[in-house]
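Engineer: Here you go, one structure.
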Number of protein chains: 2
Amino acid sequence: MTIHHHPGKERIDAVRAFNRFYTRQIGLLEEGLLKSDFSLTEARVLYELAHRDGLTATDLGRDLGLDAGYLSRLLKKFEERDLVERATIEADARRSSIALTKAGRQAFAPLNQGSHEQVATLLERLSAAEQDRLVRAMQTVQRLLGGSAEPKIPYMLRSLQVGDIGWIIHRQGLLYAQEYGWDETYEALVAEILGAFVKSFDPKWEHSWIAEREGEVVGSVFVVHQSDAVAKLRLLYVEPSARGLGIGRRLVEECIGFARTKGYRTLTLWTNDVLTSARRIYEAAGFKLTDEERHHSFGKDLVGQNWNLEL
Amino acid sequence: MTIHHHPGKERIDAVRAFNRFYTRQIGLLEEGLLKSDFSLTEARVLYELAHRDGLTATDLGRDLGLDAGYLSRLLKKFEERDLVERATIEADARRSSIALTKAGRQAFAPLNQGSHEQVATLLERLSAAEQDRLVRAMQTVQRLLGGSAEPKIPYMLRSLQVGDIGWIIHRQGLLYAQEYGWDETYEALVAEILGAFVKSFDPKWEHSWIAEREGEVVGSVFVVHQSDAVAKLRLLYVEPSARGLGIGRRLVEECIGFARTKGYRTLTLWTNDVLTSARRIYEAAGFKLTDEERHHSFGKDLVGQNWNLEL
DNA sequence: ACGGATACTTGACTAAGTCAACTAAATGGC
DNA sequence: GCCATTTAGTTGACTTAGTCAAGTATCCGT
């Protein structure tokens, strides 16, 4: 379950600004269609017909937001021009499945090509990296507004890839700075830990888990070898946007399972008392608080805690 | 100058998919306007008039992509309904500056409110973090397509902030993996270097520069203390999207200037021969190659180089 | 088997937008 | 300073795009 949130004025205004911007943008793209013998709506209908099979008039009307009467006439005109043909659906005599004829596909091709070239021209003004960012940003917008509800797979775990440790350092640095006011030395500590982890990585004794949700890193945890009897769980974190999905608990469970199968006797971890949600996960997993000490780190007075789990 | 790039089919198709998606999205938002006594175009005109001063008919037509004749009649109707008034521009008797009257603002208010609420409803379905991502993504699209030309300030230099080192580790890790096929140990090395840099940072002898372009990190460099006579330049990098702006050269110059003022006698650096564009910058800045050695690192056979500049 | 819904179709209409011809004022070149 | 050209805006005549309501044929649930 995702937590919903009443949006602030700045966000609403930003979205409205984008809507105005893109209304204009689409208007510009339409102008390119003007020279063809099809209107924008006709082109949209042709596009759908060219890319999807077995469509009925109702499908088209629903997906493109068109009036049934208008669409009916439009399709009739297409049929007269021999661009589309309708096949009766045996199961339902009211509906018919609409498809482009060969002539229809031929008429659509230059239209499609024109649109393709227009977009290509638009993109050519950008560098490859910018094109990439543009596409990603568009996909983000589409995914978020597309009402795609909850993704089928809420998250998946994988092991470390290039780019991950930098990303985790970046996010943890920012997150703890925002939430607890820690300074840049925390980020530096994470960098040192993860740099050393990768450098001296020993697959026999160590492991990492990255939680990914729709292609984005939303959590991670590491198990490092302290001695043949003691494994250490390090740097558990879950993105605020992905909290409530049980990712934290799952990551800790993976660590425990890994430590058990590798024959460790104890799983230990160090944390700070301000990190209450992490603490709750450790308690639920059976960890016991063994000791606490005050320390001054990351620009704050903190209480460090060691927790142990006998395996 | 930015490097342009011929876009691939996937990117073009992704952009076209987004256009279709957003055409529909805007269609849905328009439906909300239907109950008011203004058409979408009228509402757009009212919006512009409400938010910008001293507009002429031509300005409106250009910015909203409207036919001059159509707009003329539309404004005449508004004037008859006493929603707008025109003031003659003393410098040019052909043009007149159009503004909403009090009645115009009153008529616009519920329209504006309606649109505001509609967007608010749309956003409410998302969590705060998702709203944030949506807005960012929209701003990215708008900035990239907005033809905002070159930004007034092509880039600016600043010193390190929380989140920077993680970001630099992430980007360098990915970049060298993509461009030269280096493995995750390079990213780990960067993490160790930067973790240690922040941890043992000595402002008397050391410094960092982050190049920022429109709020994004596009380059960085570090100077570290090796001895009181020798400073080391480390981890120079410039984002591919920001190459050609002279950022690399500028970063190296800053390092040299800093090393001179701090009284170092030598500025040294280590690099690899495959990094040809960096090498060109070092040569131009007066660095001399002192020695080379073959080594196997980051999953590749490489030739490491030491370069020195006597200050 | 029948009441209500669904998938279209058609007629009558209005809104939205285009195009070209026109007037009046400004602007640039010589 | 004059004249050709451009720009700002207007108007008439028109087309296209889209809406609305009433209608027919078919399907679906009970």
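Engineer: Label B:GLU310 and B:VAL274 with points 7 Å out from Cα along Cα→Cβ: what is the distance between them in nm?
Structural biologist: Calculated label separation equals 3.4 nm.
Engineer: Based solely on its DSSP helices, what 222 nm [θ] is calculated for chain B when runs of n ≥ 4 H residues each add -39,500 (n - 2.57) and the sum is averaged over all residues, nearest 500 deg cm²/dmol? Write down the numbers at each step before the final one.
Structural biologist: On the way: 10 runs with 154 residues, N = 311.
For chain B, the value works out to -16500 deg cm²/dmol.
Engineer: Still on this structure: When Cβ neighbours within 10 Å are restricted to other protein chains, what is their mean count per residue of peptide A:169-177?
Structural biologist: Numbers: counts 12, 10, 4, 2, 8, 6, 2, 1, 3.
Per residue, the number of nearby Cβ atoms from other chains is 5 on average.
Engineer: Just tell me how shielded A:197-209 is by partners: mean number of partner chain Cβ atoms within 10 Å of each residue's Cβ, no decimals. Show your work: numbers first, answer last.
Structural biologist: Details: counts 2, 10, 6, 1, 3, 0, 0, 0, 0, 0, 0, 0, 0.
The mean count of partner-chain Cβ atoms within 10 Å per residue comes to 2.
Engineer: Could I ask something else about it? If ligands, DNA and RNA are left out, what is the accessible area of A:SER297 with a 1.4 Å probe, given in Å² to the nearest 10?
Structural biologist: Near enough 30 Å² of accessible area.
Engineer: Using Cα atoms only, what is the angle between the long axis of helix B:9-31 and the major principal axis of chain B, expressed in degrees (0 to 90) to the nearest 10?
Structural biologist: Here the helix axis deviates by roughly 30 degrees.
Engineer: Just to confirm the numbers: B:ARG265, label point 7 angstrom along the Cα-Cβ line, distances to the other copies in nm, shortest first?
Structural biologist: Computed spacing set for this position: 5.6 nm.
Engineer: Sticking with this structure for a sec: Simple spin-label model, 7 Å along Cα-to-Cβ: B:SER96 to B:ASP82 in nm?
Structural biologist: According to this spin-label approximation, the distance is 1.7 nm.
Engineer: Using the alpha-carbon atoms, what tilt in degrees (0 to 90, nearest 10) does helix B:128-145 show relative to the longest principal axis of chain B?
Structural biologist: The two axes meet at around 90 degrees.
Engineer: Continuing with this model, one more query. With a/c under 1.5 counting as rounded, go ahead and sort the stretch B:137-231 into rounded, prolate or oblate using the C-alpha gyration tensor (a ≥ b ≥ c being the square roots of the eigenvalues; past the cut-off, prolate if a/b is larger than b/c, else oblate). List each step's numbers first, then the result.
Structural biologist: Values: a/c = 2.61, a/b = 1.52, b/c = 1.71.
Cα axes put the stretch B:137-231 in the oblate bin.
Engineer: Next question. If contacts are Cα pairs under 8 angstrom and at least 6 residues apart, what is the relative contact order of chain A in percent?
Structural biologist: Relative contact order for chain A comes out at 11 percent.
Engineer: Here's another thing I want to ask about it. Can you compute the modelled spin-label distance between B:ALA50 and B:TYR70, with each label point 7 Å from Cα toward Cβ, in nm?
Structural biologist: Computed distance between label sites B:ALA50 and B:TYR70 equals 2.2 nm.
Engineer: Just to confirm the filter: which trypsin sites (Lys or Arg not before Pro) across the stretch A:47-102 are DSSP coil and have at most 10 other Cβ within 10 angstrom of their Cβ?
Structural biologist: Counting only loop positions with at most 10 other Cβ atoms within 10 Å, none of the trypsin sites (Lys or Arg not before Pro) in the stretch A:47-102 qualifies.
Engineer: What is the gain in length, in nm to one decimal, between B:LYS199 and B:ASP183 on full extension, counting 0.36 nm per residue of separation less the C-alpha to C-alpha distance?
Structural biologist: On the way: separation 16, 0.36 × 16 = 5.76 nm, distance 2.54 nm.
Separation in residues times 0.36 nm, less the Cα-Cα distance, equals 3.2 nm.
Engineer: Around A:SER220, what is the net charge, scoring Lys/Arg as +1 and Asp/Glu as -1 over all other residues with Cβ under 13 Å from its Cβ? Don't skip to the end; give the middle numbers.
Structural biologist: On the way: positive: A:ARG158, A:ARG171, A:ARG213, A:ARG234, A:ARG250; negative: A:ASP164, A:GLU212, A:GLU216, A:GLU239, A:GLU254.
Neighbourhood net charge equals 0.
Engineer: Tally Lys/Arg at +1 and Asp/Glu at -1 over every other residue whose Cβ is under 10 Å from the Cβ of B:VAL190; what's the total?
Structural biologist: Working: positive: B:ARG171, B:ARG234; negative: B:GLU187, B:GLU192.
Result for the local shell: 0.
Engineer: Looking at the stretch A:1-94, which GluC sites (Glu not before Pro) are in a loop (DSSP not H, G, I, E or B) and have at most 13 other Cβ atoms within 10 Å? Display every interim value, and only then the final one.
Structural biologist: Numbers: sites: A:GLU10, A:GLU30, A:GLU31, A:GLU42, A:GLU48, A:GLU79, A:GLU80, A:GLU85, A:GLU90; in loops: A:GLU90.
Passing both the DSSP loop test and the Cβ count: A:GLU90.
Engineer: Take every Cα pair under 8 Å in the stretch A:156-310 that's 6+ residues apart, average their separations, divide by the length, and report that relative contact order as a whole percent. Kindly include the intermediate steps, with their values, before the conclusion.
Structural biologist: On the way: 235 pairs, mean separation 29.6, N = 155.
It rounds to 19 percent for the stretch A:156-310.
Engineer: By Cβ position, which chain A residue lies least far from the axis that rotates chain A onto chain B, and what is the distance to the nearest whole angstrom?
Structural biologist: A:ALA137, 2
Engineer: Where Lys and Arg each count +1 and Asp and Glu each count -1, what net charge lies around B:LEU175 among other residues with Cβ under 12 Å from its Cβ?
Structural biologist: Values: positive: B:ARG171, B:ARG243; negative: B:GLU179, B:GLU187, B:GLU239.
Combined, the nearby Lys, Arg, Asp and Glu give -1.
Engineer: What is the dipole size for the stretch B:1-130, taken about its Cα centre, with +1 at each Lys and Arg Cβ and -1 at each Asp and Glu Cβ, in debye to the nearest 20?
Structural biologist: Numbers: 19 positive and 20 negative charges, 62 e Å.
Rounded to the nearest 20 debye, it is 300 debye.
Engineer: Related question: When only Cα pairs under 8 Å and 6 or more residues apart are kept, what is the percent relative contact order across the stretch B:9-145? Walk me through the intermediate numbers first.
Structural biologist: Details: 90 pairs, mean separation 30.7, N = 137.
Worked out over the stretch B:9-145, it gives 22 percent.
Engineer: Please compute the Kirkwood hydrodynamic radius of the stretch A:1-113 from all pairs of different C-alpha atoms, in Å with one decimal.
Structural biologist: Numbers: mean 1/r = 0.0610 Å⁻¹.
Taking every pair of different Cα atoms in the stretch A:1-113, averaging 1/r and inverting gives 16.4 Å.
Engineer: Follow-up. Measuring from a point 7 Å out along Cα→Cβ, what nm distances, shortest first, does A:LYS288 have to its partners in the other copies?
Structural biologist: Those label-point separations list as 6.8 nm.
Engineer: Would you work out if the stretch B:156-310 is rounded, prolate or oblate? Take a ≥ b ≥ c from the square roots of the eigenvalues of the alpha-carbon gyration tensor; rounded if a/c is under 1.5, else prolate when a/b is larger than b/c, oblate otherwise.
Structural biologist: Because its axes are fairly even, with a/c under 1.5, the stretch B:156-310 counts as rounded.
Engineer: Right, next: Assuming a ≥ b ≥ c are the square roots of the Cα gyration tensor eigenvalues, decide whether chain A counts as rounded (a/c under 1.5), prolate (otherwise, with a/b larger than b/c) or oblate. Let's see the in-between values first.
Structural biologist: On the way: a/c = 2.99, a/b = 2.47, b/c = 1.21.
Judged from the Cα gyration tensor, chain A comes out prolate (a/c at least 1.5, a/b above b/c).
Engineer: Still on this model: Considering only the label points, 7 Å along Cα→Cβ from Cα, what distances in nm to one decimal separate B:ARG95 from the same position in each other copy, shortest first?
Structural biologist: Label-point distances to the other copies, shortest first: 5.6 nm.
The values are calculated or read from the model by the stated rules, or taken from the named source; none is laboratory data. It should be emphasised that the depicted structure is a prediction, and the values quoted were computed from it without experimental measurement. So basically every Cβ, Gly included, is an ideal-geometry build from the backbone, and we count neighbours across all protein chains shown. All accessible areas refer to the heavy atoms of the entire protein, side chains included, with ligands and DNA or RNA removed. Shrake-Rupley method; radii C 1.70, N 1.55, O 1.52, S 1.80 Å.
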